[in-house]
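Participant: Structure provided below as structure tokens; questions to follow.
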Amino acid sequence: MDLRLALGLAEALERPSFPEGVGLEVYLDPGLLEEDEPFRQLAAKRPKRLSVHLPFWNLDLLSPDPEVRGLTLRRLLLGLDRAAELGADRAVFHSGIPHGRTPEEDQRRAERLAAALKPVVRRAEILGVELFLENTHEPSPEGLKAVLEAYPELGFCFDAAHARVFSHTPEPAPWLELDPHHLHLNDTDGLFDRHWNLGQGVLGHRDWLGPFLDRTLVLEVRGDPGPSLRLLQELAAGRLTPS
């Protein structure tokens, strides 16, 4: 099982070790993105399996503000350069769609987003870093589907908590039809993006996650990930049955 733990860059540097057999997905904090030393330190201690989460706060490639559009592109491209410096095999990013967009707005946006992503996809291909688009505030999978179809080399990262809390398509099944090869795993009460351990909330991972255990699984949980690790081990061993 390709299992990784999500940590911020500073947190990853402070952590003395990682759980046995567990890789790392590091969030590239924009406050540290342009500093070389943290990346040298992480490259020296990184686990064998490493992915990055590109910056996303307040970023949007389609922002009506041209300065935000320019900043977003620079952040994504520099993030990919840092991923390559670290030896990361993959990078996850958000579409930047604002919360509360209608399905029609999402569809209209998809073609423009595909065009805006061209230099990002190209940079990732040149650097040898697989790129994955994660669902965040999209109302349904349709807008993402259009972008993924525009770039066959672009993968899908599924976050079930985002689907439940932020979208108008709360159940996993329609999103799973996009065939995610990278999954962000945590649990929620259904109202807020809690980042709880698996089994603590309402997402019912035992009911749908089994066929995707051969994909890259990233635990995005706050605090001790032990309960989530145990649930995944039991699920892989077939000791958990659907609820």
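Participant: Answer with yes or no whether Pro172 is of a type outside the set (A, V, I, L, M), crowded, with 20+ Cβ neighbours inside 10 Å, touching a residue at least 12 places away in the same chain (Cβ under 8 Å) and more than 27 Å from Pro103 (Cα to Cα).
Facilitator: Details: of a type outside the set (A, V, I, L, M): yes; crowded, with 20+ Cβ neighbours inside 10 Å: yes; touching a residue at least 12 places away in the same chain (Cβ under 8 Å): yes; more than 27 Å from Pro103 (Cα to Cα): no.
Considered against the rule, which asks whether it is of a type outside the set (A, V, I, L, M), crowded, with 20+ Cβ neighbours inside 10 Å, touching a residue at least 12 places away in the same chain (Cβ under 8 Å) and more than 27 Å from Pro103 (Cα to Cα), Pro172 comes out as no.
Participant: Determine if the range 199-213 includes at least one residue that is under 17 Å from the mean Cα position of the chain (by Cα) and surrounded by fewer than 17 Cβ atoms within 10 Å (Cβ to Cβ).
Facilitator: Yes, that holds for at least one residue.
Participant: When the range 175-215 is examined, which residues are found to be without any contact (Cβ under 8 Å) to a residue 24 or more places away in the chain and either at positive phi or aliphatic (A, V, I, L, M) (or both)?
Facilitator: Residue satisfying the conditions is Asp179 alone.
Participant: Of these, Asp60, Asp106, which one is surrounded by 21 or more Cβ atoms within 10 Å (Cβ to Cβ), without any contact (Cβ under 8 Å) to a residue 40 or more places away in the chain and out of contact with any strand residue (DSSP E or B) (no Cβ under 7 Å at 6 or more places or on another chain)?
Facilitator: Asp106
Participant: Could you check the range 144-219 for helices (runs of 4 or more DSSP H) lying wholly inside it with 3 or more residues that are more than 16 Å from Leu3 (Cα to Cα) and not charged (D, E, K, R)?
Facilitator: Qualifying helices (runs of 4 or more DSSP H): 160-166, 172-176.
Participant: In this structure, does Glu85 turn out to be of a type in the set (Asp, Glu) and either in a strand (DSSP E or B) or more than 14 Å from Val129 (Cβ to Cβ) (or both)? I'd like the intermediate steps shown before the answer.
Facilitator: Numbers: of a type in the set (Asp, Glu): yes; either in a strand (DSSP E or B) or more than 14 Å from Val129 (Cβ to Cβ) (or both): no.
The answer is no for Glu85.
Participant: Can you name the residue in the range 156-169 that is surrounded by fewer than 22 Cβ atoms within 10 Å (Cβ to Cβ) and in contact (Cβ under 8 Å) with a residue 40 or more places away in the chain and is also farthest from Gly96 (Cα to Cα) among such residues?
Facilitator: This residue is His168.
Participant: Being at pLDDT below 95 and either among the β-branched types (Val, Ile, Thr) or buried (at least 20 other Cβ atoms within 10 Å of the Cβ) (or both) narrows it down to one of Val52, Val22, so name that one.
Facilitator: Answer to the selection: Val22.
Participant: Continuing with this model, one more query. Within the range 178-195, does at least one residue satisfy the condition of being under 17 Å from the mean Cα position of the chain (by Cα), surrounded by fewer than 21 Cβ atoms within 10 Å (Cβ to Cβ) and farther than 26 Å from Gln233 by Cβ?
Facilitator: yes
Participant: Search the range 17-32 for residues that are without any contact (Cβ under 8 Å) to a residue 24 or more places away in the chain and pair each with any residue that is buried (at least 16 other Cβ atoms within 10 Å of the Cβ) when their beta-carbon atoms are under 8 Å apart and the residues are at least 6 apart or on different chains.
Facilitator: Close Cβ pairs (under 8 Å, with a partner that is buried (at least 16 other Cβ atoms within 10 Å of the Cβ)) amount to Gly21/Leu3; Leu32/Leu9; Leu32/Pro38.
The values are calculated or read from the model by the stated rules, or taken from the named source; none is laboratory data. These numbers were taken from a predicted model, which means no experiment stands behind them. For neighbour counting, all protein chains shown are included, and Cβ atoms are generated from backbone atoms with ideal geometry for every residue, glycine included.
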